[in-house]
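Below is one structure; the comments refer to it alone.
The values are calculated or read from the model by the stated rules, or taken from the named source; none is laboratory data. Worth saying up front: this structure is predicted, and the values here are computed from it rather than measured. Cβ sites come from the backbone with ideal geometry, for glycine too, and all protein chains shown count toward neighbours. The area values use the complete protein model at the heavy-atom level, side chains included, leaving out ligands, DNA and RNA. Shrake-Rupley method; radii C 1.70, N 1.55, O 1.52, S 1.80 Å.
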Amino acid sequence: MNKIIEKVYFSENVARLVVEAPMIAKSRRPGHFVIVIADEKGERIPLTIADADTAKGTITLVVQAIGVSTRKICALNPGDYLADVVGPLGRATDIQRRGTVVCCGGGVGVAPLLPIVKGMKEAGNRTIVVLAARTKDLIILEREMREAADEVIIMTDDGSYGKQGLVTNGVEEVILREKVDEVVTIGPAIMMKFVALLTKKYEVPTICSLNTIMVDGTGMCGACRVTVDGRTRFVCVDGPEFDAHKVDFDEMLMRLKAYN
Amino acid sequence: MSTISPRDAEWREELRNRMTPKERTAIERVKMPELDPAYRVTCNEEVNQGITAEAAMSEATRCLDCPNPTCVTGCPVNINIPGFIKNIERGEFAQAAAVLKETSALPAVCGRVCPQEKQCESKCIYNKMKRQPIAIGYLERFAADHEVPVADAPVKATKGKIAVVGSGPSGLSFAGEMARHGYAVTVFEALHQIGGVLKYGIPEFRLPNAIVDKEIDSLRRNGVEFVKDCIVGKTLSYDDLHTMGFRGIYVASGAGLPRFMNIPGENLIGVVSSNEYLTRVNLMGAGREGFDTPAPAGRRVAVVGGGNTAMDSARTARRMGAEKVMIVYRRSEEEMPARREEVGHAKEEGIEFMTLNNPIEYLGDERGHVTTMRVQRMELGEPDESGRRSPVPIEGAIDDIEVDLVIVAIGVSPNPIVPQAIPELEMSRRGTIVVDEATMRSSLSDIYAGGDIVRGGATVILAMGDGRRAAQSMAAALDKE
């Protein structure tokens with residue numbers, strides 16, 4: 001049982017939860033995820049860790065209410081408990097000094113991007129962030145990103161904030177302007193697919209963080225398998241981060257609909 | 001061998017003289033009462049209902065109490081089989097259970113899941129007389145189920161803290177033995193329920209959760225602590241365990257990644273591992289009222305493999321409402337590693353056996369759902385290194401079978417988490433932890449290991465035997481310090 005300490009709504013369907021999990025807070029690194037069970041009859045679902053506070057013994061999760069479990073989780077309030085939280089799982093992000101790094105995210109993918117942005121900056125990289133959303137109200141963590149990064153570019157589909165366009169337009173603008181050594185992308189699979197296509201054209205190494213269907217999250221079930229470079233890999237133990245240019249996104253998009 | 005019911009005990013001699021061997025061998029072998037197949041596929045109730053006390057005593061009377069009981073040599077942990085059976089014959093059921101508990105931590109489990117026909121029962125003297133062997137498995141289950149919870153006070157844990165990684169059969173067996181030696185044992189489990197494969201893998205209709213929980217509760221009463229949702233190597237590091245004061249660590253982290261065949265179409269929707277399928281249904285309650293986890297729907301289901309997990313998957317699919325369930329196995333039925341009883345039960349439940357067939361490709365529809373399994377028909381050739389006749393493809397004999405769910409049950413590889421977290425640990429090329437066979441000690445002096453993480457794929461009884469042996473040698477080593 002893990003107590004919810006704090007809850008803030010970013011938008012109507014997106015909540016930021018601070019959850020008591022001292023051992024996970026201590027051992028997690030950027031890129032790690034946890035498996036969460038909302039209540040005793042709940043599913044095991046993977047959620048990427050957005051932040052952690054070792055002193056308070058808490059981790060931060062950003063959850064978008066889109067399915068049965070995420071709706072249950074978003075309906076909980078401070079003082080309520082999650083039935084189970086286990087982790088940290090997966091491999092941590094390989095953070096190194098590369099030069100200039102572009103971190104781009106969309107939707108709730110922006111939340112797990114934040115610790116990577118902080119890590120990249122700390123490692124001495126010139127760190128540029130591209131945040132994208134459908135409309136102004138759905139842009140999250142802008143202030144935190146501005147504090148952590150050298151530059152933040154905002155893209156909205158409807159042009160209600162920042163520049164009008166997709167995440168790829170923002171990333172391309174940077175690539176055309178200056179030498180980019182690495183791109184990190186986290187967001188909906190379809191977004192990451194197009195980021196990968198773009199950066200492949202410019203031959204910029206790109207890391208993506210995949211969020212597939214999982215059951216145990218520890219390498220036992222294989223529900224999360226994806227094809228990377230022609231080989232089947234397990235997102236939970238081999239990932240969640242992979243070379244975006246080698247991921248078969250079409251297969252992944254198909255498999256995400258397994259239970260729709 | 002047993003100390004509590006030796007063969008030369010007066011009562012056993014009296015018992016032997018009660019009847020002649022001829023009279024004993026004339027008794028018919030007991031039959032296990034089973035739920036009717038038509039009924040049992042509609043529910044998750046245990047198929048084997050257990051034998052009555054009367055039937056158990058009659059079956060126990062068949063046992064000749066041989067001077068050199070070969071059955072014991074067929075048991076991987078050398079249970080004193082005649083010792084417990086003769087206690088059943090004289091009606092001392094609690095004593096029978098006590099004899100079992102001397103060697104086996106979980107006899108109620110083993111009585112249900114051990115492949116007795118390949119172990120103890122295969123070595124019974126009755127086989128030489130061309131008669132059916134003593135139903136040792138049924139009797140073990142009977143005695144274990146009639147065990148009265150032990151009333152004696154738990155041993156006080158005074159000798160320091162021991163950590164166990166994994167709460168499957170090996171970890172549970174180790175924990176029980178170590179607690180008896182006076183150590184404070186904490187078992188860390190990655191999942192949200194205690195019991196490992198006994199919970200997520202073996203279905204209720206073969207091993208009810210209540211049986212497993214009874215064993216876990218008994219360990220709790222003996223001072224063993226359980227921590228769920230905690231992955232050693234992720235949540236806690238090796239160093240963390242030292243900081244927390246653990247003097248010894250037993251790694252029984254079991255199986256890891258499920259194997260796939262790496263054939264085209266294997267990542268289509270509707271092709272799942274048996275681990276995924278069974279975990280969804282057994283551990284997550286998929287298909288049961290009120291549970292959120294979905295189960296992959298299957299009307300025409302193919303299960304690939306011939307082991308117990310394949311049988312469990314096929315029979316689970318039947319209970320989940322499949323109209324047609326096929327076992328697809330590349331060898332013949334004779335080579336199947338599954339327990340005979342499970343094969344029999346599967347057939348009674350209408351599972352079709354497509355032996356000598358090997359999947360080579362899956363085809364799907366435009367949404368990526370599997371629709372067809374392409375199989376290569378096989379014939380048996382020369383024996384391979386396992387001694388079994390190896391399957392050889394029959395050229396051109398390729399068939400397409402309509403399916404909407406495929407469950408791949410062809411084995412698992414050892415769990416990689418502990419080895420990845422402790423790179424100093426000596427590993428085999430197969431990804432198993434290397435241990436000294438006698439002591440179960442690894443290349444690191446405070447780490448012992450057993451079960452699937454050492455053996456690759458083991459039976460419950462072997463995994464338990466490892467746990468017990470590791471506990472004995474760890475206790476001996478620590479007591480000397």
- prompt: Using mean Cβ contacts within 10 Å as the protection proxy, how do B:74-87, A:18-31 order, highest first?
  reply: B:74-87, A:18-31
- prompt: How long are the three semi-axes of the equivalent ellipsoid of region A:1-111, in whole Å, if each is the root of 5 times an eigenvalue of the C-alpha gyration tensor, listed from largest down?
  reply: 23, 17, 13
- prompt: Tell me, what ³J(HN,Hα) does each residue in region B:113-120 have, in order and in whole Hz, if you take phi through Karplus 6.51 cos²θ - 1.76 cosθ + 1.60 with θ = phi - 60° and put x for Gly and Pro?
  reply: 10, 5, x, 4, 5, 9, 10, 3
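Could you please state how large a percent of the accessible area of the protein assembly as shown is carbon and sulfur, counting protein chains only and using a 1.4 Å probe?
The C+S portion of the solvent-accessible surface of the protein assembly as shown is 50 percent.
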query: How much accessible area is lost when chains B and A come together, counting both sides, with a 1.4 Å probe, in Å² rounded to the nearest 100?
result: 3300 Å²
- line: For B:Phe93 the rounded accessible area (nearest 10 Å², probe 1.4 Å, non-protein molecules ignored) is 40 Å²
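Within 10 Å of each Cβ in B:263-272, how many Cβ atoms from other chains are there, averaged over the peptide?
Whole-number average of other-chain Cβ neighbours for B:263-272 is 3.
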- line: Reported to the nearest 10 Å², B:His181 has, with a 1.4 Å probe, an accessible area equal to 60 Å²
query: For the protein assembly as shown, what is the charge dipole size about the Cα centre, in debye to the nearest 20, if Lys and Arg each add +1 at the Cβ and Asp and Glu each add -1 at the Cβ?
result: 680 debye
- line: Once the dipole of the protein assembly as shown is set up from charges on Cβ (+1 Lys and Arg, -1 Asp and Glu), the residue from the list B:Ile231, B:Thr20, B:Asn127 lying farthest towards its positive end is B:Thr20
- prompt: What share of Cα pairs, in percent, lie more than 19 angstrom apart in region B:178-246?
  reply: 43 percent
message: Let me check something: with ligands and nucleic acids excluded, how do B:Ser332, B:Ser237 order by accessible area (1.4 Å probe), largest to smallest?
response: B:Ser237, B:Ser332
- prompt: Which whole number gives the average count of other chain Cβ atoms within 10 Å of the Cβ atoms across peptide A:37-45?
  reply: 5
task: Would you work out the relative contact order for region B:130-201, in percent, from Cα pairs under 8 angstrom that are 6 or more residues apart?
output: 30 percent
- prompt: What does the accessible area per residue of region A:75-213 come to in Å², with a 1.4 Å probe and no ligands, DNA or RNA counted?
  reply: 42 Å²
- line: Its Cα gyration tensor gives the protein assembly as shown an equivalent ellipsoid whose semi-axes in whole Å, largest first, are 51, 30, 22
message: Taking the solvent-accessible surface of protein heavy atoms with a 1.4 Å probe, what is the per residue accessible area of chain B in Å²?
response: 41 Å²
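Can you check what the net charge comes to around A:Lys3, using other residues whose Cβ is under 9 Å from the Cβ of A:Lys3 (Lys, Arg +1; Asp, Glu -1)?
Working: positive: none; negative: A:Glu20, A:Asp80.
Residues close to A:Lys3 contribute a combined charge of -2.
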task: Considering the options B:Thr61, B:Ala108, B:Cys43, tell which one lies farthest towards the positive end of the dipole of region B:10-145, charges being +1 on Lys and Arg and -1 on Asp and Glu at the Cβ, about the Cα centre.
output: B:Thr61
- prompt: Based on the Kirkwood radius over alpha-carbon pairs, what is the Stokes-Einstein translational diffusion coefficient of chain B at 37 °C with 0.692 mPa s viscosity, in µm²/s?
  reply: 138 µm²/s
- request: Would you mind getting me the FRET efficiency between B:Arg388 and A:Lys41? Use the beta-carbon distance for r and R0 = 60 Å, nearest 0.05.
  value: 0.85
message: Sort B:282-289, B:8-15, B:35-42 by packing, meaning the average of other beta carbons within 10 Å per residue, with the highest value first.
response: B:282-289, B:35-42, B:8-15
- prompt: Of the residues A:Leu138, A:Leu197, A:Leu176, which exhibits the maximal mean-square fluctuation in a Gaussian network model of chain A defined by a 10 Å Cα contact cut-off?
  reply: A:Leu176
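Averaged over B:294-307, how many beta carbons belonging to a partner chain fall within 10 Å of each residue's beta carbon? Mind dumping the intermediate values first?
Values: counts 5, 1, 3, 1, 0, 0, 0, 0, 0, 0, 0, 0, 0, 0.
That works out to 1 on average.
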- line: To the nearest 20 debye, region A:100-255 has a Cα-centred charge dipole, built from +1 on Lys and Arg Cβ and -1 on Asp and Glu Cβ, of 100 debye
- prompt: Counting Lys and Arg as +1 and Asp and Glu as -1, each charge on the Cβ, what is the dipole of region B:10-145 about the Cα centre in debye, to the nearest 20?
  reply: 540 debye
- line: Between B:Glu334 and A:Gln96, Cβ-based FRET efficiency (R0 35 Å, step 0.05) works out to 0.05
message: Quick check on packing: order B:448-457, B:131-140, B:58-67 by the mean number of other C-beta atoms within 10 Å, highest mean leading.
response: B:448-457, B:131-140, B:58-67
- request: Kindly sort A:Asp229, A:Asp238 by accessible area of their heavy atoms, largest first, with the probe set to 1.4 Å.
  value: A:Asp229, A:Asp238
query: With Rg and the Kirkwood Rh both taken from Cα atoms, where does Rg over Rh land for region B:311-386?
result: 1.02
- prompt: Dividing the Cα convex hull volume of chain A by residue count, how many Å³ per residue is that?
  reply: 119 Å³
- request: In vacuum, with every alpha carbon of region B:10-145 counted as one equal point scatterer, what does the Debye formula give for log10 I(q)/I(0) at q = 0.10, 0.13, 0.18 Å⁻¹? Two decimals, please.
  value: -0.31, -0.52, -0.99
